[in-house]
């Protein structure tokens, strides 16, 4: 606690583009606890599936500090644009930070394929049929392959499950 009786809280820090790791490192070196959550995502590059790790919140990190003691240090750290709320920063609720930490493994949040039931409407989120609606019809060969009925073409298609999201 500081001399006004306030305890350290979590705050959202807005960084320059692609500077999340650098700012997080600099703040950590100055004794400020940070959280820079990453997301494991699947992307198609040249028709091939690649798993990459990206910032969950591009241009944002979270820092735990007591504003009275450390706000200037955070504001003037190279790569920081601002702290949400400015000189009277808005704290992030502890429940949100706890949930982020609970979902992370090694600093990365993994996206599991959606659990689907036969007949469930889905939206295709990647590949050549991106943004098309379909209906899940069952699992195919391989752990990540499924069959869907593609409404627009009136046919059954085999697709990677990570390219689907539930509708509604």
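Take residue 64 and tell me if it is modelled with pLDDT under 95 and in the same structural domain as residue 17 (by TED's automatic domain parsing).
No; evaluated as a whole, the condition is false for this residue.
Do we have any residue at all in the range 64-83 that's under 26 Å from residue 17 (Cβ atoms), part of a loop (DSSP other than H, G, I, E, B) and under 16 Å from the mean Cα position of the chain (by Cα)?
Within the range 64-83 (the criterion being under 26 Å from residue 17 (Cβ atoms), part of a loop (DSSP other than H, G, I, E, B) and under 16 Å from the mean Cα position of the chain (by Cα)), the answer is no, since none of the residues qualifies.
What number of residues within the range 34-62 satisfy the criterion of being over 19 Å from residue 96 (Cα atoms) and free of Cβ contacts under 8 Å to residues at least 40 places away in the same chain?
Selection size over the range 34-62: 8.
I'd like to verify a number: residues in the range 71-99 that are closer than 21 Å to residue 29 by Cα, touching a helix residue (DSSP H, G or I) at 6+ places or on another chain (Cβ under 9 Å) and surrounded by 13 or more Cβ atoms within 10 Å (Cβ to Cβ), how many?
7
One residue is enough: does the range 21-33 have a residue meeting the conditions touching a residue at least 60 places away in the same chain (Cβ under 8 Å) and assigned to a strand (DSSP E or B)?
no
If you go through the range 63-77, how many residues are more than 22 Å from residue 107 (Cβ to Cβ) and touching a residue at least 24 places away in the same chain (Cβ under 8 Å)?
Of the residues in the range 63-77, 6 are more than 22 Å from residue 107 (Cβ to Cβ) and touching a residue at least 24 places away in the same chain (Cβ under 8 Å).
Step by step: first the residues of the range 100-139, then only those that are at negative phi, touching a residue at least 40 places away in the same chain (Cβ under 8 Å) and assigned to a loop (DSSP other than H, G, I, E, B), then the one that is surrounded by the fewest Cβ atoms within 10 Å (Cβ to Cβ). Which residue is that?
It comes out as 111.
Regarding the range 140-155, can at least one residue be identified that is within 30 Å of residue 15 (Cβ to Cβ), out of contact with any strand residue (DSSP E or B) (no Cβ under 6 Å at 6 or more places or on another chain), exposed (fewer than 14 other Cβ atoms within 10 Å of the Cβ) and at pLDDT below 90?
No, that holds for no residue.
Conditions: (1) at pLDDT below 85; (2) in contact with a strand residue (DSSP E or B) (Cβ under 9 Å, 6 or more places away or on another chain). Residue 94 meets all but one. Number of the miss?
All conditions pass for residue 94, except number (1).
The values are calculated or read from the model by the stated rules, or taken from the named source; none is laboratory data. Being a predicted model, the structure only gives us computed values, none of them experimental. Don't worry about glycine lacking a Cβ; one is built from the backbone with ideal geometry, like all the others, and counts go over all protein chains shown.
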